[in-house]
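Down below is the structure, laid out as structure tokens.
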Amino acid sequence: MPLNPAIEKVTQRIIARSAETRGRYLDRMTAAAEAGPVRAHLSCGNQAHAYAGVPDDQAALAQGTGANLGIVTAYNDMLSAHQPFERFPDLIRTAARAKGATAQVAGGVPAMCDGVTQGQPGMELSLFSRDVIALSAGVALSHNCFDAALYLGVCDKIVPGLVMAAATFGHIPAVFLPAGPMPSGLPNDEKAKVRQQFAAGEISRDELMAAEMASYHSPGTCTFYGTANSNQMLMEFMGLHLPGASFVNPNTPLRDALTVAGVERAMEITALGNDYRPAGRVLDEKAFVNGIVGLMATGGSTNLVLHMPAMARAAGVLIETEDFDEISAATPLMAKVYPNGLADVNHFHAAGGLGYMIGELLSAGLLHEDTLTIAQGGLTAYAKEPKLTDGRLTYSDGARVSENDRILRPPSDPFQATGGLKLLQGNLGAGIMKVSAVTPERHVIEAPARIFDDQEAVKAAFKAGEFTSDTVVIVRFQGPKANGMPELHSLTPTLSVLQDRGLKVALLTDGRMSGASGKVPAAIHVSPEAAEGGPLSRLRDGDMIRVDAVSGKIDVLTEGALDRAPEQPDLSANKFGIGRELFEVFRQNAGPATTGAANVV
């Protein structure tokens, strides 16, 4: 099937836009590859330090004949998704030794749980933790002793930060090893209902706690289709996972077999062999376009619209918000997974999962097949399904018919003709909305504004019974320079209650929502942000606002509203406590949301 003209148009535009930066990047990666890992040229003292911690591998490392794999791990047991990584280093070292190679934990990177910090001061460090992860991985790999890197990470900022590091060290191969989702617990829609009941004062905190514990109940990724699981999809569409690796449950024989296979594949694609596949070549313009197509076809997380431009810039590729919008317009929504459906990722995987989607999208001409991936066979290999046959990992053709058309459909009969995200532009700036989770009758909201400078003030107004009519809730001074651009997901139950009471409600903010943002229309990432004097800083209570996801507009309709002087809020409370003082330099130097709100790229 010929490539879809709209996908081809966007791809060529990105290639042209990135010609200079990508060219310089590839020149740097070529020079780094020619220099190679330095461990063979280290002094005896240098080598002794490098090998002292792995006595079982000292002789093999000193001889230097086999590949040495660097493990960059985001393990901690504060994140259920990352707890399974505790046992991965031993599994990796054993697999490497069996093939005449070695593996060392090069370093760890921080990994905070946004589920713990939602609505808390620590959330103000969340976005910037992505850049810290990239920096930390850079420190880990700076020893320059590795022929390939294995990245252990799953969740929100962790995968984007690791990809930024993988691109920066793009002269060596990068293999991402996922841990998989936890088994299904309390259905996500039931969990959301309980949260709304608690927000409305209808149930006790004990009942809320019981529901939360039944939902988040064991090691593994949370089962809704938020940022963590969107990351896993992205790694598969971009060719940094082995095919079919994303949604296999933790601590199962198939999961362990995929991990071992990932180690073996990393050894095969180093510069020591005949199938050299450096990360910088995998992370090209076509790979990022494939990733955006996957994001739209699955109705994935809005956070990736923020992260992907930063990830791409690390590889010399320049992505703009218009690229997401045009790819979304050309990509059918093929999946219904919570929050834009009732199924969780385990149900999605059982219905055919990513293998089915990639096969169908390739057949429809919506993906670049001719991309370099860590697997042999181009992207077509990712339409196959991994299985254990007599204890051995094998691949067979994936599903070509959906096992459940309420969860997964072909491009010829999608849930909707376009993807899950919409670019919104107008006199209030530019933002995005995840429309896949919002019913069509709520795609246009025109109502007076209520202005808030933080999310706690919204909750206080709700508890005081102040929301009695249609409202566009403006939560401003939530951008990267103001307070680190925290997720405002804890507002979802409150706004959902208002919506369920029959009010027309929308959220407009220069902050973020979680990848699990729900059914309330939310125009987010609005740029320029209010702290930079953006239009949101000039609004007042009662201004008439129109949020239109059909025509793609966000406007204030009140005459003269934007002629006012911008508000100058007191942001001193965001500078101290829970580590926030350590991140002042990040707030001062963060880029705009449109380019990823990054410091390091």
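Nothing in this text is a laboratory measurement; each read-out follows from the coordinates by a stated rule. Computed from a predicted structure; not experimentally measured. When we count neighbours, we look across all protein chains shown, and the Cβ atoms used for this are built from the backbone with ideal geometry, even at glycine.
At-a-glance table
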item: For the chain, calculated [θ]222 nm from helices alone, where every DSSP H run of n ≥ 4 adds -39500 (n - 2.57); result: -11000 deg cm²/dmol
item: Dipole-positive endmost among MET29, THR509, PRO250 within the chain (Cβ charges, Cα centre); result: MET29
item: Shape metrics for the stretch 326-384, restricted to C-alpha atoms - Rg then Dmax, Å; result: 12.8, 35
item: Karplus (6.51, -1.76, 1.60) ³J(HN,Hα), θ = phi - 60°, over the stretch 561-569, in Hz, Gly and Pro reported as x; result: 4, 8, 8, 5, 6, x, 5, 10, x
item: Listed peptides 113-122, 418-427 by packing density, highest first (mean Cβ within 10 Å); result: 418-427, 113-122
item: For the stretch 16-44 versus the stretch 452-526, the gap between their alpha-carbon centres in whole angstrom; result: 45 Å
item: Share, in percent, of DSSP beta bridges within the chain that are antiparallel, nearest 5; result: 45 percent
item: Pairs beyond 18 Å (Cα-Cα), from LYS9/LYS157; LYS9/LYS286; LYS434/LYS519; result: LYS9/LYS157
item: Charge dipole magnitude, Cβ of K and R +1, D and E -1 - the stretch 302-391, Cα centre, debye nearest 20; result: 300 debye
item: Charge dipole (the chain, unit charges on Cβ, about Cα centre) - positive-most of GLY353, GLY596, PRO278; result: PRO278
item: Cα-centre dipole for the stretch 107-218 with unit charges at Cβ (Lys and Arg positive, Asp and Glu negative), debye to 20; result: 180 debye
item: Mean Cβ neighbour count within 10 Å, used as a protection proxy, ranking 361-369, 564-572 highest first; result: 361-369, 564-572
item: Within straight-line cross-link reach of LYS387, lysines at Cα separation under 24 Å, skipping those fewer than 8 residues along the same chain; result: LYS99
item: LEU562-GLU320 FRET efficiency (beta carbon distance; Förster radius 22 Å; 0.05 resolution); result: 0.35
item: Computed FRET value (nearest 0.05) for ARG540 with LYS463, which takes r as the C-beta separation and R₀ as 22 Å; result: 0.45
item: Under the Karplus curve 6.51 cos²θ - 1.76 cosθ + 1.60, θ = phi - 60°, whole-Hz ³J(HN,Hα) for the stretch 587-595, x wherever Gly or Pro sits; result: 5, 5, 10, 5, x, x, 4, 5, 10
item: Table column - 3J(HN,Hα) (Hz), the stretch 287-299, Karplus curve with 6.51, -1.76, 1.60, x for Gly and Pro; result: 4, 5, 5, 4, x, 5, 4, x, 4, 6, 5, 9, x
item: At R0 = 56 Å, FRET efficiency that the Cβ-Cβ distance of TYR276 and GLU446 yields, to 0.05; result: 0.50
item: Under 5 Å, built H, 5+ apart or other chain: amide partners of GLY107; result: ILE71, THR73
item: Percent RCO, i.e. relative contact order, over the chain, from Cα pairs under 8 Å lying at least 6 residues apart; result: 15 percent
item: Selected from THR371, LEU423, PRO5, residue furthest toward positive end of dipole (the chain; charges at beta carbon); result: THR371
item: Stretchable slack from VAL585 to GLU86, in nm (0.36 nm times residue separation minus alpha-carbon distance); result: 176.4 nm
item: Protection-proxy order for peptides 573-581, 270-278, each taking the mean of Cβ atoms within 10 Å per residue, highest first; result: 270-278, 573-581
item: Relative contact order, percent, the stretch 323-422 [alpha-carbon distance under 8 Å, six or more residues apart]; result: 45 percent
item: Net lengthening on full extension, GLU207/THR21 (0.36 nm per residue, minus Cα-Cα); result: 61.6 nm
item: In nm, spacing of pseudo-spin labels at ARG400 and MET78 (7 Å Cα→C-beta vector); result: 4.9 nm
item: Relative contact order of the stretch 384-458, defined on C-alpha pairs under 8 angstrom at six or more residues apart (%); result: 14 percent
item: Dipole moment magnitude, nearest 20 debye, the chain about Cα centre, only Lys, Arg, Asp, Glu C-beta charged; result: 440 debye
